[in-house]
1. Please state which one of Ala250, Ala304, Ala228, Ala244 is modelled with pLDDT under 95, closer than 16 Å to Gly322 by Cβ and more than 26 Å from the chain's Cα centre (by Cα).
2. Conditions first: (1) at pLDDT below 90; (2) loosely packed, with under 13 Cβ neighbours inside 10 Å. Glu347 passes all but one, so which condition is the exception?
3. Take the residues in the range 210-249 that are assigned to a helix (DSSP H, G or I) and farther than 16 Å from Lys31 by Cα, then tell me which one is most open to solvent (accessible area, probe 1.4 Å).
4. Any idea which residue in the range 132-146 is nearest to the chain's Cα centre (by Cα), counting only those that are over 15 Å from Pro182 (Cα atoms) and open to solvent by 30 Å² or more (accessible area, probe 1.4 Å)?
5. Would you pick out the residues in the range 310-341 that are part of a helix (DSSP H, G or I), farther than 22 Å from Leu286 by Cβ, of a type outside the set (Ser, Thr, Tyr) and open to solvent by less than 90 Å² (accessible area, probe 1.4 Å)?
6. How many of the residues making up the range 114-126 are surrounded by fewer than 20 Cβ atoms within 10 Å (Cβ to Cβ) and either touching a His at 6+ places or on another chain (Cβ under 8 Å) or modelled with pLDDT under 90 (or both)?
7. Quick test for you: out of Thr153, Thr89, pick the one residue that is among the polar types (S, T, N, Q), assigned to a helix (DSSP H, G or I) and open to solvent by 20 Å² or more (accessible area, probe 1.4 Å).
8. Of the residues that make up the range 285-296, is at least one open to solvent by 30 Å² or more (accessible area, probe 1.4 Å) and closer than 30 Å to Lys27 by Cα?
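The values are calculated or read from the model by the stated rules, or taken from the named source; none is laboratory data. All figures in this text were calculated on a predicted structure; none of them were measured in a lab. Because the Cβ atoms are built from the backbone with ideal geometry, glycine has one as well, and the counts that use them run over all protein chains shown. SASA here: full protein model, heavy atoms, side chains in, ligands and nucleic acids out. Shrake-Rupley method; radii C 1.70, N 1.55, O 1.52, S 1.80 Å.
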Amino acid sequence: MNEFENKIADEEIVDTEGGTNVSEKYKDYIKTNIVKCYKRKIIAPFIYLVFIIVLSLISPIYSLINPADLDPAKSIKEQYSYNKYVNATLNDLYFTGYTEEWLTGTKGYYYYTTINNDCVIVLLTPSTCRQGDSVIDTVTIKGKISKNSKTETELLSKLANDLSWNEEGITSTISNYNISEPATTGFLTWLLLILAIGSAVVSLFFVLLYGVFILNPRISTPVLRLKAYGNSNELLDLAEKEIALLPQLATEDMFITEHFFIEISSYGIALVPIKEIIWIYQYSTLHKFLWHHFKISYTLHITANKRQYIKCPKNEKSDINGVIDYLAEANHNILVGFSEENRIQVEKIQGEFIPIRKLLQYLSSRVKK
């Protein structure tokens, strides 16, 4: 009897009604560990969800999703200080004759207009300005308020030459801030936005899903997999009863009861009826960095009917060998060991690739004819 089995034996109590040995510690052991498992799993998506929410509040993401209306009674500089993305209705826009190019196409057309007595440069997308209309009476856009960059500074210099002004005169006349419509419609902008929103939605989904599993472990994934073999709740109750009556074989992460193989580890939880197991084998992995070999880890692979697959990683070789020997003795139909013959036999049992095989046979017969 190993150390783990000794611990179980020390905690036995007697069920006075049934007269059987029951381990109080292992009462509802599977459900308890399912709850613990999903409490660990919920931490990462919850932290990421909080991170995305905080990031959206302190960054322009929220403003981009929900832009404020541009207030014509306030200066553009004042509005830039608290909301960089705006819905703006602009009147009397005049084309400067200059465009902004990006790669092989035109990114936008530069116009100027008046906002609260400030002359403001506005960059419109080609579709909004119909490829550079000379005058636009009114237009409503979603744009980003930005400080004039090197590009806008060069534009003002060219405008000064066109109008025979000096640069000091034109810079004192035109605002140091501009509105760019392409900044809200660019591919990278929307790609980052979609990634942020998409990842937040995925994180929220897993937080809610794992929360439901914590509240009701009977509808968690490890239990629902048992539906392939019958009533999942009845099978879970039977597994709980058998593990409480002490498993017939136990390692640190793996248990074998009268009817079930059960894995409960930090990597996950799985349980499958022994009679449904069709193939078991051990796989070893040599861990190394550069030329230094660290250690060999061993993984138990189990294939069961209804295309159920279980991996029990990082176990002791002796523990895995003991589990394989016990399962092979408990179910003589189990294929033991990894080999091409066993793999092909499992494919036949599982009915895998049957449609493809039939199609290949049909095509082969047509070619022969």
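1. Details: Ala304 fails: closer than 16 Å to Gly322 by Cβ; Ala228 fails: closer than 16 Å to Gly322 by Cβ; Ala244 fails: closer than 16 Å to Gly322 by Cβ.
Just a single option satisfies the conditions, and that option is Ala250.
2. Single failed check for Glu347: (2).
3. The first filter runs over the range 210-249 and keeps only residues assigned to a helix (DSSP H, G or I), leaving 210-215, 217-219, 221-229, 232-244.
Those left that are additionally farther than 16 Å from Lys31 by Cα: 227-229.
Numbers: Lys227: 126, Ala228: 39, Tyr229: 41 Å².
For the range 210-249, the residue satisfying everything is Lys227.
4. Narrowing the range 132-146 to residues over 15 Å from Pro182 (Cα atoms): 133-138.
Remaining after also requiring open to solvent by 30 Å² or more (accessible area, probe 1.4 Å): 133-135, 137-138.
Values: Asp133: 45, Ser134: 48, Val135: 48, Asp137: 47, Thr138: 44 Å.
Result: Thr138.
5. Passing the criteria: Gly322, Leu327, Ala328, Ala330.
6. 5
7. Values: Thr89 fails: assigned to a helix (DSSP H, G or I).
Answer to the selection: Thr153.
8. Going residue by residue through the range 285-296, those that are open to solvent by 30 Å² or more (accessible area, probe 1.4 Å) are 285-296.
Pick out the ones that are also closer than 30 Å to Lys27 by Cα and you get none.
Among the residues of the range 285-296, not one is open to solvent by 30 Å² or more (accessible area, probe 1.4 Å) and closer than 30 Å to Lys27 by Cα, which makes the answer no.
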